[in-house]
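Quick notes on the structure that follows.
The values are calculated or read from the model by the stated rules, or taken from the named source; none is laboratory data. Bear in mind the structure is a predicted one, so any value in this text is a computation, not a measurement. Neighbour counts run over all protein chains shown; Cβ positions are idealised from the backbone, glycine included. Each accessible area value is taken on the protein alone, full model and side chains, heavy atoms only, with ligands, DNA and RNA left out. Shrake-Rupley method; radii C 1.70, N 1.55, O 1.52, S 1.80 Å.
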Amino acid sequence: MSSVFRNDILAGKVAFVTGGGSGIGRGITLAMMAHGADAVIVGRNADRLAATARELGAETGRACLAHAADVREPASVEAALDTALTAFGRIDVVVNGAAGNFLAPAAGLSYNGFRTVMAIDALGTYNVCKAAFDRRLRDHGGNIINLSATLHYGATPMQTHAAAAKAAVDSLTRSLALEWGSLGIRVNAIAPGPIGDTEGVKRLAPGEMGARLRRAIPIGRFGTIDEIANVALFLASDGASLVNGAVVVADGGAWLGAARIGAMLD
Ligand code: HXC
């Protein structure tokens with residue numbers, strides 16, 4: 001894997017990645033392992049996680065463990081963190097990549113639909129941050145990277161639930177950065193735009209909608225998983241030692257054209 005980063009920037013580190021079984025979470029895990037880290041990936045689908053862990057281990061020569069857990073359940077998150085600590089004795093980088101989403105107008109959302117996305121994205125992120133803090137980061141410092149979005153910068157049709165959840169993720173990012181910075185913990189977020197080959201784009205911009213969306217992005221294309229992984233690598237590295245509480249938008253300028261995109265999706 002060719003990289004613009006030195007291949008040992010995460011040597012000796014352990015990454016704990018929720019949503020690491022597929023998509024952006026998988027790509028971030030791969031990049032971190034390719035730059036020296038061992039990893040634990042977490043998700044609900046045990047078979048997919050196990051297959052991904054095998055693939056990433058084979059591809060990078062680093063250790064990757066799979067632990068099935070639901071970020072909505074604190075006890076399940078705590079067990080996953082314990083797996084990482086038992087196996088590796090440390091956790092340095094926590095990536096909150098687990099997310100849930102679907103297209104639905106506000107009028108078509110059920111109470112449970114809204115709650116489910118809030119629970120996975122917002123509460124799930126909090127659960128993982130809190131449990132990782134209590135178990136390891138409070139005493140040893142570390143790095144948290146939350147996966148956010150740009151849906152809530154303006155307003156995005158059919159995304160009431162996800163926009164509210166990601167707004168909460170941004171707020172958590174800033175609050176935790178403020179309170180935990182003095183303990184050597186940096187907390188940042190990445191706000192990707194539409195990224196090709198992801199469940200998000202499959203769900204949110206299928207078919208012709210995707211083609212129109214692509215044309216509305218200033219750089220004229222979707223982002224790639226590797227491009228988001230590069231941002232995560234930077235944030236996890238010492239190169240970002242001054243970056244704390246930031247939400248790094250990586251979308252090719254997509255949200256700047258959000259009004260145009262919103263009109264197209266309507
Ligand atoms: C309306 C829906 C719905 C839909 C589910 N629900 N899909 N409502 N339209 N298309 C409602 C259900 O009816 C139910 O409410 C409630 O949501 C919970 O659904 P379950 O299927 O029981 O929940 P669960 O099994 O926990 O699944 C969670 C999920 C699912 C979010 C609904 O899609 C999932 O697991 N997704 C994970 C993968 C994923 O979504 N990846 C994409 C992330 S994209 P009722 O009232 O019927 O009980 C992303 C990018 C954002 O985050 C930024 C993009 C730029």
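Only residues that are closer than 19 Å to GLY23 by Cβ, open to solvent by less than 60 Å² (accessible area, probe 1.4 Å) and not in a strand (DSSP E or B) were counted across the stretch 56-83, and they come to 7. Residues of the stretch 1-29 being more than 12 Å from the chain's Cα centre (by Cα) and surrounded by fewer than 24 Cβ atoms within 10 Å (Cβ to Cβ), which ones? Matches in the stretch 1-29: MET1, SER2, SER3, VAL4, PHE5, ARG6, ASN7, ASP8, ILE9, ALA11, GLY12, LYS13. Taking every residue in the stretch 100-119 that is β-branched (Val, Ile, Thr) and pairing it with any residue that is within 6 Å of the ligand (Cβ to nearest atom), at least 6 positions away or on another chain, the pairs with Cβ-Cβ distances below 6 Å are VAL117/GLY100; VAL117/ALA162. Among the residues of the stretch 172-213, those that are in contact with a helix residue (DSSP H, G or I) (Cβ under 7 Å, 6 or more places away or on another chain), within 20 Å of MET158 (Cβ to Cβ) and of a type in the set (A, V, I, L, M, F, W, C) comprise ILE195, VAL201, ALA205, MET209, LEU213.
Figure legend. Inter-residue proximity from the stretch 79-95: first residues of a type in the set (Asp, Glu), second residues open to solvent by less than 40 Å² (accessible area, probe 1.4 Å) and assigned to a helix (DSSP H, G or I), beta-carbon distance below 6 Å, spacing 6+ or different chains. No pairs are indicated. Are any of the residues in the stretch 247-262 acidic (Asp, Glu), buried (at least 18 other Cβ atoms within 10 Å of the Cβ), within 16 Å of the ligand (Cβ to nearest atom) and closer than 27 Å to MET32 by Cβ? Yes, that holds for at least one residue. For ALA98, the conditions (1) open to solvent by 40 Å² or more (accessible area, probe 1.4 Å); (2) within 9 Å of the ligand (Cβ to nearest atom) all hold with the exception of (1).
Have a look at ASP238, ASP226 and point out the one that is surrounded by fewer than 18 Cβ atoms within 10 Å (Cβ to Cβ), touching a residue at least 24 places away in the same chain (Cβ under 8 Å) and touching a helix residue (DSSP H, G or I) at 6+ places or on another chain (Cβ under 8 Å).
Values: ASP238 fails: touching a helix residue (DSSP H, G or I) at 6+ places or on another chain (Cβ under 8 Å).
Of ASP238, ASP226, the one residue that is surrounded by fewer than 18 Cβ atoms within 10 Å (Cβ to Cβ), touching a residue at least 24 places away in the same chain (Cβ under 8 Å) and touching a helix residue (DSSP H, G or I) at 6+ places or on another chain (Cβ under 8 Å) is ASP226.
Where helices (runs of 4 or more DSSP H) fall entirely within the stretch 147-266, those with at least 2 residues that are modelled with pLDDT under 95, closer than 25 Å to PHE16 by Cα and not small (Gly, Ala, Ser) are at 199-204. Can you tell which of LEU49, LEU123, LEU103 is part of a helix (DSSP H, G or I), within 16 Å of the ligand (Cβ to nearest atom) and open to solvent by 40 Å² or more (accessible area, probe 1.4 Å)? Result of the check over LEU49, LEU123, LEU103: LEU123.
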